[in-house]
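K.L.:
The structure follows.
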Amino acid sequence: MFISFVRTIILYFTIILAVRVMGKRQINQLQTSELVVTLLISDLAAIPMQDSGQPLFSGLIPILVLIALEVLVSVFMLKSSRFHRLVCGKPVVI
């Protein structure tokens, strides 16, 4: 039980760090790709949190890779408006 407690704390702080690195504070500020990454991170964290037989790094490494990819995509979107349109789409007035 203590091991599950410690694993949960480690994954909690990893997820908080991931959200802070992405730079968003509210759900309405998330772009579509960031929302998908957030959902993937939560799903990846749930597996090692529930199953103590699963290595903790099997959840941490994919989370860190997703964070790095999201930051990289954000930088590319700032540099290229064409890439930004490709990832986010074009808004349509209804």
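Every number here is computed from the coordinates shown, using simple stated rules; none is lab data. Note that this is a predicted model, so its numbers are computed, not measured. Every residue, glycine as well, gets a Cβ built from its backbone with ideal geometry; the counts of neighbours run over all protein chains shown.
K.L.:
Sum up the charges of everything whose Cβ sits under 12 Å from the Cβ of Val73, counting Lys and Arg as +1 and Asp and Glu as -1, but leave Val73 out. It would help to have the intermediate numbers written out before the result.
P.N.:
Numbers: positive: Lys79; negative: Glu34, Glu70.
Result for the local shell: -1.
K.L.:
Are there trypsin sites (Lys or Arg not before Pro) in the chain that DSSP marks as loop and that have at most 10 other Cβ atoms within 10 Å, and which are they?
P.N.:
On the way: sites: Arg7, Arg20, Lys24, Arg25, Lys79, Arg82, Arg85; in loops: Lys24, Arg25.
Those that pass, being in a loop and sparsely packed, are Arg25.
K.L.:
Between [x] -0.89, -1.22; [y] -0.76, -1.27; [z] -0.69, -1.49, which entry matches log10 I(q)/I(0) by the Debye sum over Cα atoms at q = 0.17, 0.25 Å⁻¹ as derived from the coordinates of this structure?
P.N.:
[y]
K.L.:
From the phi angles alone, apply the Karplus equation (6.51, -1.76, 1.60; θ = phi - 60°) to region 56-61 and give each ³J(HN,Hα) in whole Hz, x where the residue is Gly or Pro.
P.N.:
5, 5, 5, x, 6, 5
K.L.:
Which FRET efficiency value, to the nearest 0.05, is calculated for Leu35 and Phe5 with the Förster distance at 35 angstrom and r the Cβ-Cβ distance?
P.N.:
Working: r = 29 Å, r/R0 = 0.84.
Efficiency, from the Cβ-Cβ distance: 0.75.
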